[in-house]
1. Quick check, is A:SER156 in the same structural domain as A:ALA93 (by TED's automatic domain parsing), closer than 30 Å to A:ALA82 by Cα and surrounded by fewer than 17 Cβ atoms within 10 Å (Cβ to Cβ)?
2. Looking at segment A:162-182, which of the residues that are β-branched (Val, Ile, Thr) and either free of Cβ contacts under 8 Å to residues at least 24 places away in the same chain or within 14 Å of chain B (Cβ to nearest Cβ) (or both) is nearest to A:ASP35 (Cα to Cα)?
3. Going through B:ALA222, B:ALA237 one at a time, which residue ends up being touching a Lys or Arg at 6+ places or on another chain (Cβ under 8 Å), more than 14 Å from chain A (Cβ to nearest Cβ) and among the aliphatic types (A, V, I, L, M)?
4. What single numbered condition from (1) exposed (fewer than 14 other Cβ atoms within 10 Å of the Cβ); (2) within 22 Å of A:GLU175 (Cα to Cα) fails to hold for A:ALA81?
5. Among the residues of segment A:173-187, are any part of a loop (DSSP other than H, G, I, E, B) and more than 19 Å from A:THR214 (Cβ to Cβ)?
6. In segment A:85-108, how many residues are touching a Lys or Arg at 6+ places or on another chain (Cβ under 8 Å) and either acidic (Asp, Glu) or within 11 Å of chain B (Cβ to nearest Cβ) (or both)?
7. Go through segment A:107-151 and count every residue that is closer than 18 Å to A:TYR238 by Cα and in contact (Cβ under 8 Å) with a residue 24 or more places away in the chain.
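The values are calculated or read from the model by the stated rules, or taken from the named source; none is laboratory data. None of these values were measured; they are calculated from a predicted model. Please note: Cβ atoms are built from the backbone with ideal geometry, for glycine as well, and neighbour counts cover all protein chains shown.
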Amino acid sequence: MRRSLFAIASIAVVPVFVFAQGAGAGQTGLHRTADGKPDLSGIWQVMNNANWNLQDHNAEKGVPAGQGVVDGNEIPYTPAAAAKKKSNYENRATADPETKCYLPGVPRANYLPFPFQIVQTAGQITMLYEYAHTVRNIFMGTPHIEGQLFWWMGDSRGRWEGDTLVVDVTDFNDETWFDRAGNFHSDQLHVVEHYTLIDPDHINYEATIEDPKTFTRPWKMSMILNRHKEKNFRLLEYECFSF
Amino acid sequence: MRGSLVRSIALAALAVALPFIWPPSLAGQASKNRPMIAGCPSVSAKFHPCALEKAKAFSPSRMPDGTPNLQGIWDAPLAMGFQNIEDFPGDPRPGGFGPAVSVIVDPPDGRVPYQPWARTQRDENIKTYIDPYAQCLPTGVPRQMANFRTRQITQLGNLIAIVNEAGGHIFRVVHMDGRAHLSPTFKLWMGDSIGHWDGNTLVIETTNLNGRWWYDSMGHFASDALKVTERLTLVDADTLHYQATMEDPKVYARPWTMVFPLERIKEKGYEQMEEACHEGDHDAAGFVLGGFRPYPGPRFPQ
């Protein structure tokens, strides 16, 4: 008796569940986790030159040209910050924290010329970077740690808005740059990231940058993260300061 | 004047370096303070058979795919980052190592079965070189599992991620999809880890290690020919029996095995934090002034 009731209940529930996924989710055909969220797990990498320069730039010896990733191509520095950026650019060969093998910060970690791996569970999404074994833990649905921390990779708190993963990142130090061209920020940096699977193998990635000590208004960068589909692909190591 | 400045800088640097060269006894104290873990004696030689016997009667919680659920954040309360993987009588100097009890269960004498030249090199290592971990270089395997503070295990079915909090930034991705190891060309600090389940035990085979790290602060070492086979078995809901067998025909006379317990952090909402290491490292300069050099890896007899 009990078993047959269960069977009837299953038949009644299954079509509703399938319908709900198809209708509510927007993007169909995506691989989903057990809790119905788009599954971002996998190994990802950009195909752009944002790490050289976030903005439109011509080629130089050893530097490929690149179309910028900044909306409108303008980074709205305050006058003092613009002067700092100019001096950073002039001293970039030694002043870029990447040359010292420091943790790359956010969002720069995502567009370094190295792959990174997303390990997604319901409560936590971990990002593992080939560059210097960098780690980001994105804790889902919990508030930022109280008080100000000064972390290289910041404090990341995530939530789902429909099928988009939204990550709020605060508590940065002022020691990382956005690129090799000297674009920079202060410890007031606040990053809001949006990760949206546009098909099974591509994530539309957007990062909104807010920092009242450095910029006159928030600005946004956008790019595509591409899934590595090579057979047996895996992260190797770039243990930067061991060389 | 200038000479005295250099001297005071050197002394200050040595003061910074000392805690790394002669850290206070943690392993010895810990095993004194924790005589029992999961109902078994905490000393490796006794924990090993007792915990495996208990594990036979334990039925672990399972992932949706039916494999044992090892997920969580794990502390290594007795390994304490490995001061010394062998028995150690203690160093009476101020701030010196306290006594340590060997984590090696095979051979039964609790000593690494080095080839004769390699035992000599180990003795040279502590006199000459800086522990690579003290320079913020990755731990390698198995020190990742013994390292200070915690490591988080996350299972996705086709992979298991092991991510540490301490030591800068250290992680391993264990591939569970039956793939083959990387070509021997690749030499990695954390190696290439392939896993499978043997009943309720997670078995991980790691190759492609670069042989540039030490097992502990006391110069115990391997070469790039090392193969590590780890076995992780739940003894109860909150205790893992951790076992690692090392094979390296270039350095050891025979395979050898270490065992220690891992304990679950049960605090609700516990989060691993960021620990930058190299980014704020000023110790390396102190070691160099103290006459120590970066470890270049094993020097094989000619």
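1. On the way: in the same structural domain as A:ALA93 (by TED's automatic domain parsing): yes; closer than 30 Å to A:ALA82 by Cα: yes; surrounded by fewer than 17 Cβ atoms within 10 Å (Cβ to Cβ): no.
So A:SER156 fails the test.
2. A:VAL169
3. B:ALA237
4. (1)
5. Checked segment A:173-187: no residue is part of a loop (DSSP other than H, G, I, E, B) and more than 19 Å from A:THR214 (Cβ to Cβ).
6. 2
7. Result for segment A:107-151: 19.
Yes or no, residue by residue, for (1) under 30 Å from B:ARG119 (Cβ atoms); (2) assigned to a loop (DSSP other than H, G, I, E, B):
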site: B:ALA180; (1), (2): no, yes
site: B:SER217; (1), (2): yes, yes
site: B:THR233; (1), (2): no, no
site: B:ARG254; (1), (2): yes, yes
site: B:GLU274; (1), (2): no, yes
site: B:PHE287; (1), (2): yes, no
